[in-house]
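Novice: Quick one: the structure is below, and I'll ask about it shortly.
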Amino acid sequence: MPEPLLGREYQDRPDLVHERLRQRHGAVAPVDLLGVPVWLVLGYPEALYILQNDALWPKGIHHWRARNEGRVPHDWPVAPALTAENMMARGGSGHATYRAAWDSALKPFQEPGHPQTRRLKENIRRTANELIGFIAQGGRTGTADLAAQFSRPLPLMVAGELLGASGSQNDQALMDIWRILDAGPDSAEASARVLAAMAELGEQKRRRPGEDFPSYMLAAQPNLTTSELAHELTMLMGMVADHGGILIANSVVEIITGDGRARASLSAGMIREAVNHVVLRKPPLSNFVPRFPLRDQRLGEYIIRAGEPVWIATAATHADPRFADGTSANRATSTRAHLSWGAGPRQCPSRELATTITTLALESLFEQFEHLELAVPVDQLPWRSSPFVRGLRALPIRYRLRDGYEIPAPAPALRTGRHRAAEAEVADSSSTLRQFLTGLVTGKIDPDAF
Ligand code: HEM
């Protein structure tokens, strides 16, 4: 039986696990993923070859021979993510149609100079500053959980704006996404609720289109059924909220504890370069959705049989000496040939948007906080255990606000307790952020539930 991949060591030091596998097996290693044998690709050229040859190495769980033969348990916990009917998981010829609709619907939000891109950027800056103001209520110096108080709520707000969902409408859906992504005990119910909410939102947009992602998607693909659209919207929300949040938090960690290059780029005003270095060093997507070769193929030291699942381990491919030796630590800029956004026809369509959210978030943080440091030793950061992403459950930091930062007046919810909080919520029902924060303060939302 191959070595189990997930475990305490993988959670804390995946690099050690990857190197051990590389020593034993070379570029491709057989591993056990929660009781199911799969292949893990550790070699950079091998990964690039697979990603660029989508026709030979397609996604699509229907290609999985062992599963078709009933050899994968029905309750395998990874299966729901692979059977989801959205663009990330889907294989086959239908992909091109969905991809065109995604590209077209994202375009207004990531095209430089487009009024919607400008509006979105302003809102991100405003929301980031509101969140910092909220943290600042704790005093000019103090401790905070930057994940709960900044890197998670900020992209959640962006998701709400992209979806064109007003205030209270998407509050519940935002919370449900967290329940699903953190695989909580009620994630199945949350998933059904969020799909229903997205279906309702999609129907509203079909009747009354707006300037938002669902309306643009329907304009690009009017034949999308309500259910198809709901799956894509759920995915949009999950990707923006979860992956966006992971990238912000990973960036903060890399900037304050990393090899100095991300910090140097930030200090030099090269913030996009800093983010590029972060995604190279700490890829949010640790293992991609698997591919299945259509015929037997040699890869590294092994022959992979048709229909066997192959997972690309992003960080491991970046540590492959055939790639890493070309990205010497002395170079001023890091390579853009990394695989953190994928490669080939299935690469991330939202790279520009995710980078923009992150750069604006980091700009606000490092402008308003003169000093940020981890409040726990770096090796005690609580990483999530996930076969797909590498992100933190919490990001405890100690901060010092910059001189001259004016701490904003406390929100009514903070000043006067539950009754006024409820009034404030009604009075300002347009702001999901405020509702969310009010919910936290009044105890309507339990932060430990996430
Ligand atoms: C704004 C938020 C994001 C959205 C809406 C988004 C959306 C998507 C979508 C729809 C795909 C599937 C593309 C296809 O199959 O044709 C995808 C793929 C991908 N995304 Fe993103 N993404 C976001 C953020 C991120 C972030 C922060 C990262 C990591 C740095 C990332 C890394 C990837 C990778 C590696 C793939 C390819 C996965 C594979 O080949 O299996 N994405 N993204």
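Novice: When DSSP assigns beta bridges and you keep just the ones with both residues in the chain, what percent turn out antiparallel, to the nearest 5?
Specialist: Of the beta bridges lying entirely in the chain, close to 80 percent run antiparallel.
Novice: Also, I was wondering about something else. Tell me, what HN-Hα J-couplings in whole Hz come from the Karplus equation 6.51 cos²θ - 1.76 cosθ + 1.60 at θ = phi - 60° for each residue of region 8-14, using x for Gly and Pro?
Specialist: Each residue of region 8-14 in turn: 4, 5, 5, 5, 8, 9, x Hz.
Novice: Let me ask something else about it. Order the peptides 5-16, 298-309, 375-386, 255-266 from the highest to the lowest mean number of other Cβ atoms within 10 Å of their residues.
Specialist: The packing order, highest mean first, is 255-266, 298-309, 5-16, 375-386.
Novice: Same structure, new question: Please list 3J(HN,Hα) in residue order for region 47-57, calculated via the Karplus relation 6.51 cos²θ - 1.76 cosθ + 1.60 where θ = phi - 60°; whole Hz, with x for glycine and proline.
Specialist: Rounded to whole hertz, the list is 5, 4, 4, 5, 5, 7, 10, 4, 5, 8, 10.
Novice: Keeping all protein chains in place, calculate the accessible area per residue for the chain (probe 1.4 angstrom), answer in Å².
Specialist: Averaged over the residues of the chain, the accessible area is 44 Å².
Novice: Taking +1 at the Cβ of each Lys and Arg and -1 at the Cβ of each Asp and Glu, which of M239, A313, W76 sits farthest along the dipole of region 3-408 towards its positive end, judged by Cα position relative to the Cα centre?
Specialist: A313
Novice: Now, a different point. For E370 and H114, what does the FRET efficiency come to when R0 = 41 Å and r is the distance between their Cβ atoms, rounded to the nearest 0.05?
Specialist: Given R0 = 41 Å and the Cβ-Cβ separation, E is 0.75.
Novice: Follow-up. Once you list every other residue whose beta carbon is under 11 Å from the beta carbon of D145, what net charge do they have if Lys and Arg are +1 and Asp and Glu are -1?
Specialist: Surrounding charge for D145 is +2.
Novice: Name the residues whose placed amide hydrogens come within less than 5 Å of the amide hydrogen of L40, ignoring near sequence neighbours (fewer than 5 apart) on the same chain.
Specialist: Those qualifying (amide H under 5 Å, at least 5 residues apart or on another chain) are A29, V31, W311.
Novice: Something else: Find the lysine pairs in the chain meeting two conditions, Cα atoms under 28 Å apart and a separation of 8 or more places or different chains, and report how many there are.
Specialist: Total qualifying Lys-Lys pairs in the chain comes to 7.
Novice: Additional query: Can you tell me the dipole magnitude for region 3-408 around its Cα centre, using point charges on the Cβ only (Lys, Arg +1; Asp, Glu -1), in Debye to the nearest 20?
Specialist: 620
Novice: Something else now. First select every other residue whose beta carbon is under 13 angstrom from the beta carbon of M239; then total the charges, Lys and Arg +1, Asp and Glu -1.
Specialist: Here the count lands on -1.
Novice: Let me ask another. In nm, to one decimal, how far is the N129 label point from the E19 one, both placed 7 Å along Cα→Cβ?
Specialist: Result: 4.5 nm between the two label points.
Novice: Could you compute the FRET efficiency for E122 and T257, with r as their C-beta to C-beta distance and R0 at 25 Å, rounded to 0.05?
Specialist: 0.20
Novice: Non-local amide H neighbours of I304 (under 5 Å, H modeled in plane, Pro and chain starts lacking H): which ones?
Specialist: Q297, R298, L299
Novice: Let me ask another. Rounded to whole Å, give me the distance from the Cα center of region 34-78 to that of region 118-138.
Specialist: 41
Novice: Could you please state how large a percent of the accessible area of the chain is carbon and sulfur, counting protein chains only and using a 1.4 Å probe?
Specialist: Carbon and sulfur: 52 percent of the exposed surface of the chain.
Novice: Can you work out the Karplus-derived ³J(HN,Hα) for every residue in region 247-261? Use 6.51 cos²θ - 1.76 cosθ + 1.60 with θ = phi - 60°, whole Hz, and x for glycine or proline.
Specialist: Here the 3J(HN,Hα) series is 5, 5, 5, 4, 5, 4, 4, 5, 5, 8, 10, x, 7, x, 6 Hz.
Novice: Show K59, K282 ordered by accessible area, largest first, where the area counts protein heavy atoms only and the probe is 1.4 Å.
Specialist: K282, K59
Novice: Let me ask another. Please give the net charge around S286, taking every other residue with its beta carbon less than 12 angstrom from that of S286, where Lys and Arg add +1 and Asp and Glu add -1.
Specialist: So the surrounding residues net to +2.
Novice: Summing -39500 (n - 2.57) over the DSSP H runs of n ≥ 4 in the chain and dividing by its residue number, what mean residue ellipticity at 222 nm do you reach, to the nearest 500 deg cm²/dmol?
Specialist: Estimated from H runs of four or more residues: -15500 deg cm²/dmol.
The values are calculated or read from the model by the stated rules, or taken from the named source; none is laboratory data. Computed from a predicted model, the values in this text were never measured in an experiment. Glycine gets a Cβ as well: all are built from the backbone with ideal geometry, and neighbour counts include every protein chain shown. Surface accessibility is based on the protein's heavy atoms, side chains included, excluding ligands, DNA and RNA. Shrake-Rupley method; radii C 1.70, N 1.55, O 1.52, S 1.80 Å.
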